[in-house]
1. How many residues are surrounded by fewer than 23 Cβ atoms within 10 Å (Cβ to Cβ) and either in contact (Cβ under 8 Å) with a residue 60 or more places away in the chain or part of a helix (DSSP H, G or I) (or both) if we restrict to the stretch 191-200?
2. Inspect all residues belonging to the stretch 257-275 and state whether any of them is closer than 19 Å to residue 123 by Cβ and under 18 Å from the mean Cα position of the chain (by Cα).
3. Give the residue that is nearest to residue 230 (Cα to Cα), with candidates limited to residues of the stretch 143-176 that are in a loop (DSSP other than H, G, I, E, B) and touching a helix residue (DSSP H, G or I) at 6+ places or on another chain (Cβ under 7 Å).
4. Do we have residue 227 as closer than 30 Å to residue 128 by Cα and surrounded by 24 or more Cβ atoms within 10 Å (Cβ to Cβ) here?
5. Which one of these does residue 218 not meet: (1) modelled with pLDDT under 95; (2) assigned to a helix (DSSP H, G or I)?
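The values are calculated or read from the model by the stated rules, or taken from the named source; none is laboratory data. Note that the structure is a prediction, hence the values are computed from the model and not measured. Cβ sites come from the backbone with ideal geometry, for glycine too, and all protein chains shown count toward neighbours.
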């Protein structure tokens, strides 16, 4: 048990530090912007003027916690490089949150591509090309080029889907906590969960739990792109680190259905110059569909989406348990 004390101490410290940062927002004039409202997003006007970009705080605390504790637990330089990229993803979000006008998707896309490319090379070079099918436990190894491409795609999808989901108080952070827990359980079943996996999972849960105290409806602060892009990068990295990249399709299904559909709809529409519009009858992200068409409150929308995620995760974990017997 004593070998896990650095992890417990690190996660507890991360929670307390993040809690204090959320409370006092130090140096907010340098790092924090104010919400401009989201075009076409139902009910977004209530957030106008709230501090946004506080993802800067919890992303830095998370990355530093993992880097420092990693040295005492089981040092892996690839994890340090990946935490640097988490911070890099956060910085792109901070610059956007702090700008007078929101950046266009092409600038964001170019930055995501660069960070994702570096992340893909780090995965292949430091952590190998092997992976596990979470349900069956069967182990395989990717071709180098194929894994680079798939890792790149996974990073891009995760960053943008989670970013698009961040439109309801407490939603992205709650779904991320559930995702990390489910991923750790599935990895444990497949015997790919090590001390660093526990460390990273515990640290992200700790900082997001502290943030959620201030972000649950009615929110006082917003993570902004600074938080959602950092989280998106980490979730993709975490699943690949745990050797269960394809579990993304199940564990992150709520992100894909909520934010992912929105990204797909916008992307296809722009690539075809609006000749092809997917899901015409659905307002995306799905949380806006629930808010605008079905007149759900913020809390009811959060409850429906989070409850759906819990059910999906439980079903997936049960299938893995049964298949491994």
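1. Total satisfying the criteria: 6.
2. no
3. Across the stretch 143-176, the extreme among qualifying residues is 166.
4. For residue 227, the condition - closer than 30 Å to residue 128 by Cα and surrounded by 24 or more Cβ atoms within 10 Å (Cβ to Cβ) - is met.
5. Unmet condition: (2).
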